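Heads up: the structure comes next, in structure tokens.
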Amino acid sequence: MNEVISINNLYKEYKLGVIGRGTLYRDLQSWWALKRGKEDPNTLIGHSGSRNNKINHLALHDVNLNINKGEVLGIIGENGAGKSTLLKILSRVTSPTKGQINIKGKISSLLEVGTGFHPELTGRENIFLNGAINGMSKKEISSKLNDIVDFAGVEKYLDTPVKRYSSGMHVRLGFAVAAHLEPDILIVDEVLAVGDADFQKRAIKKMQNVSSHNGRTVIFVSHNMESIRKLCNRVIVMANGRIAYDGKTEDSINKYIGGLAQLSRTYKNIKWNNIKEAPGGDIVRLKSVSILDEKNNPRDKFKLNENILVECEFDVLKDNFQISSIFSFSFYSSKNFIWSGEFYLMDNYKDSEWGKQKAFKLGSYKSKLILPKNILNEGVYSVSIDIFLPPSLPDMSFQVRKRNVLYFEIMDYIENFGARGSYPGDWQQGTSNSYLIRPVTNFETKRIDNLNKG
């Protein structure tokens, strides 16, 4: 296969606090303030505690990568790993600090919602503008116009300025333009997550066709492991600005899920010692969240037949407010770490007539939930905590809303108990909510008649 992209010793350095305000006057203002040890008058943040210090951040560190013609390359990694920076350099949005990149062919990129669109121009005008920027003639663009519009599903709004488009419409039209302008290399960032499920399926199928039927190269960044698995034949894992792993799709996903992604998750318990920095508002502040076994020991792994205790402690800072806690649990399949469902549980506030419960006084409180054994399927679960002020509904009166604050895992050791019994095979898992639970039920099979009576 022919090499279409060659990256050698690539570095990208960002210098925080460096002068560059857009005009000579502001540059001189900033320079003079820093020279005198004063805060920069042109920054929103200020330089308190770090005056005269330039902070260098290496977004990419010695990246070496070769990509072949017709290859579908996936890029995965945690937020801040350097994925988008790499794509911006390949798309010539920004330049590298050091290193060499050789590209053969025309690149079409979709890096964020509305990329390359002028908000005042209509959808039709933006299609022709993007085509012209990509070197196509008016005749060539006109021949593909109907295909682009049909794929994006924006025919009704084609002559409406795109500033009135929703984010989903932006993405659909942007992807349709990028994919139909016959690029040699198609680069797509996480933006497909904005589209609905049907559009995502069509987009993945289109990228597969671009690669397999037309022999073009696709570079795809996503946090959705199922999309990566369906589309890519090779995946690189990025961490801290470097390529941590480069291999076959399944191997890379396993490497990412099994090790690198673990570094970004918190298990067992989390505490906030400084009340001013704790999540919450002026009435309630979160102090800690813990996942415990029945002996009150912090745990990150449980068997299917073990009870799980989830606790949160919080401080009430003002008198005479009704308060309620909600725990929510998001489920990820152990096999592919894709989000597969979520459920919510509310504390005992709901047990009495709504809005008539006793108000809380100043002090510290603890909410405690027991997840019963033999109810959840094997897999990784994240815990989120919401604390709100009834009788208003939660979305109107949140004090605390902490997403994915802790994780725990339920393990299936294939022991003869629970729903499994003596069944030795692989238990069902997948993307449907129906695989979220594995309860023990009264379920039996008996003979009701003897058919062989002769």
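The values are calculated or read from the model by the stated rules, or taken from the named source; none is laboratory data. Predicted model, so just to flag it, every value in this text is computed and none were measured. When we count neighbours, we look across all protein chains shown, and the Cβ atoms used for this are built from the backbone with ideal geometry, even at glycine. The area values use the complete protein model at the heavy-atom level, side chains included, leaving out ligands, DNA and RNA. Shrake-Rupley method; radii C 1.70, N 1.55, O 1.52, S 1.80 Å.
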- Cut-off 14 Å between beta-carbons: net charge of the residues surrounding E78, Lys and Arg +1, Asp and Glu -1: +3
- Query: To the nearest 0.05, how large is the calculated FRET efficiency for D147 and K268 if R₀ is 41 Å and r is the Cβ-Cβ distance?
  - Reply: 0.20
- Looking only at lysines whose Cα falls under 20 Å of K201's and that sit 8 or more positions away or on another chain, we get K230
- Give, as a single signed number, the net charge of other residues whose beta carbon lies under 14 Å from the beta carbon of K106, with Lys and Arg counted +1 and Asp and Glu -1. +1
- Message: With every protein chain left in place and a probe of 1.4 Å, what is the accessible surface of M411, to the nearest 10 Å²?
- Response: 50
- Looking only at lysines whose Cα falls under 27 Å of K361's and that sit 8 or more positions away or on another chain, we get K271, K276, K287, K318, K350, K402
- Query: When the accessible area of region 61-220 is split by element with a 1.4 Å probe, what percent falls to carbon and sulfur?
  - Reply: 45
- Quick tally, 1.4 Å probe accessible area for Y344, Y349, Y14, sorted with the most first, runs Y344, Y14, Y349
- Message: Keeping all protein chains in the complex and leaving out DNA, RNA and ligands, what accessible area do you get for E311 with a 1.4 Å probe, in Å² to the nearest 10?
- Response: 20
- With a probe of 1.4 Å, find how much accessible area region 213-309 has per residue, and write the answer as a whole number in Å². 49
- Expressed in nm to one decimal, what extension gain is obtained for the pair N214 and K106 from 0.36 nm per residue of sequence separation less their Cα-Cα distance? 37.5 nm
- Query: What residues of region 357-395 lie in the reach of a label at S328, counting those whose backbone N is under 16 Å from a point 7 Å from the Cα along Cα→Cβ?
  - Reply: 381-389, 393-395
- Suppose R0 equals 60 Å; then what is the FRET efficiency for R36 and N442 from their Cβ-Cβ distance, rounded to the nearest 0.05? 0.15
- Item | Local net charge near V405, Cβ-Cβ under 13 Å (Lys/Arg +1, Asp/Glu -1) | +4
- How do R164, R172 rank by accessible surface area computed with a 1.4 Å probe, from largest to smallest? R164, R172
- What trypsin sites (Lys or Arg not before Pro) does region 267-301 have in DSSP loop regions with at most 14 other beta carbons within 10 Å? K276, K295
- Query: How large is the accessible surface per residue of region 56-127, computed with a 1.4 Å probe and reported in Å² as a whole number?
  - Reply: 46
